[in-house]
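A short write-up of the structure that comes next.
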Amino acid sequence: MSRSRSLVKARTATGVMMGLAESELVAQTRVTVQTESDVVSRALHQGLFGPLNQFLDNQGRRIRADLVTLAYRTAGGRGAVPTEIIDFIELLHGGSLIVDDIEDDSANRRGRPAMFRSVGLPLALNTANWMYFAALERLMEISDDPQCQAQVMQSALATIRACHEGQAIDLGTRIDQIKQAEVTSIAEAISQMKTAGLTALAARLGAIAAGAEERVVESLSAFGFQLGMVLQMKNDLGEVASCLTDSVRDDDLRNARVTWPWAWASDICDDAAYEALIQRLQNDMQSTSTTAGALLDAIGDSGRKAITLRLGAAMAILECEFGGVAADGLNQLLEKLGNQDA
């Protein structure tokens, strides 16, 4: 996607100005430090901008950025999509991934060592926090209209707060310590508050930037929400499946997280079969492949069916409200969903 040059600015206590610029996410957030002090410049590069740029060089498929574009175009936006919104979404999402890796004790992120493993936990955590604040500063540039600015910031802050609440549930709840009947409601809450909340916000901000009326904003936000549920379901299912391949991503099983495969199993399995899966997990924490295989066997194609139903619900929202207006952007999103590295 072609992107116009954008610039995010932040000023430190020492008066150093950082610009995040160029085209595409990596380039636009590639930082150059302009200061009279080479010592400060080198220190900032070593402690923040070097690790940040390495992380941003390793992009995902930027589904959330495409969602902003889809919402903006569908809502009747003219001209270039506001880069402030895309910058905000991508910086916020990127920071959350760094924190996720710390909290999950992940080995890798997108084929490379997780940031905290390459630069240490303190620098990685600080970089992630910087990304949150840089994202909010970028969003503050979206409009000169105080009412619009207040609406945007209120939506953003409420979503960020809810994401942390969802993360608290995710981190504080183990699949082997809750009842079978509780699993689906927990998995649903985590997905709604984290992934779906952020994708709903991406669509909402795109529609607001287009000047859409409230009905259109709410419809596109609802579409983004359902798409986020699809993303989380696909991610959870894909992680379990990866445990049977050479590209193992077993953070969820290793940490006994409450994920969608467990929710589907809890709905399908009788008490004895479900308890056998939990027992297998407890006996297989360091080598998760056998649990993954048993879990996938238990759920069969129920996961793919659930994903298809959610995706159908998302598409129905667009079709009902907008007809074929969103077809091109939707097809691009669906193509990326089919080969997800969000």
**OP:** Filter the range 234-250 down to residues that are part of a helix (DSSP H, G or I) and more than 17 Å from the chain's Cα centre (by Cα) and give me whichever is farthest from ALA107 (Cα to Cα).
**Re:** ALA241
Subject >> Count of the range 112-144 residues which are assigned to a loop (DSSP other than H, G, I, E, B), under 18 Å from LEU44 (Cβ atoms) and of a type in the set (A, V, I, L, M) >> reply: 0
**OP:** Of all residues in the range 145-169, count the ones that are of a type in the set (S, T, N, Q) and closer than 30 Å to VAL258 by Cα.
**Re:** 4
**OP:** Out of LEU333, LEU318, report the one residue that is modelled with pLDDT of 80 or more and either under 22 Å from the mean Cα position of the chain (by Cα) or surrounded by 15 or more Cβ atoms within 10 Å (Cβ to Cβ) (or both).
**Re:** LEU318
Original post:
Hey, any hits in the range 32-43 for a residue that's modelled with pLDDT under 70, surrounded by 15 or more Cβ atoms within 10 Å (Cβ to Cβ), farther than 19 Å from LEU333 by Cα and not acidic (Asp, Glu)?
Top reply: yes
**OP:** Could you list, in sequence order, all residues of the range 254-271 that are at pLDDT 95 or above and not in a loop (DSSP other than H, G, I, E, B)?
**Re:** TRP260, PRO261, TRP262, ALA263, TRP264, ALA265, SER266, ASP267, ILE268, ASP271
**OP:** Quickly run through the range 294-325 and pick out the residues that are part of a helix (DSSP H, G or I), over 12 Å from TRP264 (Cβ atoms) and in contact with a Leu (Cβ under 9 Å, 6 or more places away or on another chain).
**Re:** ALA294, ARG310, LEU311, ALA314, MET315, ILE317, LEU318, GLU321, PHE322
Subject >> Criterion (within 17 Å of the chain's Cα centre (by Cα), crowded, with 21+ Cβ neighbours inside 10 Å and of a type in the set (A, V, I, L, M)) met by exactly one of LEU220, LEU231, LEU253 >> reply: LEU231
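The values are calculated or read from the model by the stated rules, or taken from the named source; none is laboratory data. Since we're looking at a predicted model, the values are computed, not measured. Reconstructed Cβ throughout: ideal geometry from the backbone, glycine too, with neighbour counts over all protein chains shown.
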